[in-house]
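In what follows, a single structure is set out as structure tokens and then discussed.
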Amino acid sequence: MYRSSKYDQSMKIYKTIADLRGYRQSTGPEKIIFVPTMGALHEGHGSLVQMARKIADIHGIVVASIFVNPTQFGPHEDYHKYPRPLELDMDHLRRWGADAVFVPSLEEMYPDGSAISIDPGPLGAVLEGAFRPGHFRGVATVVTKLLNLVQPAVMILGQKDFQQQLILRRLVADLNMPVEIITAPTIREPDGLAMSSRNRYLSASQRACAGAIYQALCAARDHYRSGQRDAATLQSAMYTLISKAGMEVQYALACHAETLTAFNGLVSSPAVLLVAARLGTTRLLDNMLLE
Ligand code: AMP
């Protein structure tokens, strides 16, 4: 199926597993390019769907999903207040060129009696996994279910959630799932703040400070580029800039980009700077590869 630039009218919306399976059976040999999301879509999601559209225009179909997955939220996190602007999200997906969207209910995804979950392994225990116990078990489980349902050839994920894409790469490799993962670059606001559905929780004054995370990442990267290899120096440069902007730094680390082990001493390639900081009650995440 080749579609021209007029994407707006015919996007299919599937709310049940049975309907999605029916669609999947009718799609034939075309490759599915899949973009899983939790909705509250922004231009960061847009870049993933548009990338999917480009790949699909050669030989495929773009399927997105919107599901706010309760099993990846901790008991005191924002599951209930997570924004769900469904109609607006559908308009965005049409505009970006999705062919179909899967929007299951909670009961559809986790019927009573669901008992099996996926252990994300050691990568799931550190960094975000340490601050949000159980988070990556929830992510790995729901993505496994979505991959089983959608059966894509390609899944597109954002570098914004660096640890998540690494764990999901491990998941599909270790469980022999026939899907290629593409990691798409982080889309940012003009001041460098990584776009996120949670940015809308920020007050105007908090929003004015939030660009400091990107500035801190750039500063550490610039030190690295000019030859600085001491992990503690890079980390304290980030820590200082982020805390000066009024944020509580949860971690600001230089880590091995495949194992996520924090460097102790000298940083060597492949390396990634990973930051989580709290601004009021909002947690902001960002990262930058050191190349
Ligand atoms: P979420 O809806 O937050 O679960 O995100 C769905 C997908 O969009 C994930 O693969 C995210 O990494 C990706 N994503 C979120 N924000 C951005 C961004 N600013 N730039 C690129 N990808 C993003």
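What to note about this one:
- Taking M238, M38, M195 in turn, the Gaussian network model of the chain (Cα-Cα springs below 10 Å) assigns the largest fluctuation to M38.
- Mean ellipticity per residue at 222 nm, deg cm²/dmol - from DSSP H runs of n ≥ 4 across the chain, formula -39500 (n - 2.57): -11500 deg cm²/dmol
- Here the spin labels are modelled as points 7 Å beyond Cα on the Cα-Cβ line, and at Y110 and D57 they lie 3.9 nm apart.
- Inter-probe distance in nm under a simple model that places probes 7 Å from Cα toward Cβ, at R200 and A262: 3.4 nm
- Applying both filters, DSSP loop and at most 14 other Cβ atoms within 10 Å, to the trypsin sites (Lys or Arg not before Pro) of region 31-118 gives K81.
- Proximal aspartates and glutamates relative to K15, as straight alpha-carbon distance under 19 Å, when same-chain residues fewer than 8 apart are discounted: E87, D89, D91, D99, E107, E108, D112
- Heavy-atom accessible area per residue - the chain, 1.4 Å, Å²: 46 Å²
- Largest to smallest principal axis extent of the C-alpha atoms in region 219-285, angstrom: 34, 24, 16
- The calculated FRET efficiency for R229 paired with R21, based on their beta-carbon distance and R0 = 41 Å, is about 0.20.
- Whole-Å distance, taken between Cα centres, linking region 154-188 and region 233-255: 26 Å
- Taking 17 Å as the straight-line reach from the Cα of K12, the lysines in range (excluding those fewer than 8 positions away in the same chain) are K31.
- For the chain, built as a Gaussian network whose Cα springs stay under 10 Å, the top-fluctuating residue of G138, G22, G44: G22
- The heavy atoms of R221 present about 50 square angstrom of accessible area, all protein chains included, probe 1.4 Å.
- Using only side-chain charges placed at the Cβ, +1 for Lys and Arg and -1 for Asp and Glu, the dipole size of region 95-208 relative to its Cα centre rounds to 380 debye.
- Per residue, the average separation of C-alpha pairs within less than 8 Å and at least 6 apart gives the chain a relative contact order of 16 percent.
- Rolling a 1.4 angstrom probe over the chain with all protein chains present gives an accessible area of which 55% lies on carbon and sulfur atoms.
The values are calculated or read from the model by the stated rules, or taken from the named source; none is laboratory data. This structure is a prediction, so every number in the text was calculated from the model and none was measured. Note that we place each Cβ from the backbone using ideal geometry, even for glycine, and neighbour counts take in every protein chain shown. All accessible areas refer to the heavy atoms of the entire protein, side chains included, with ligands and DNA or RNA removed. Shrake-Rupley method; radii C 1.70, N 1.55, O 1.52, S 1.80 Å.
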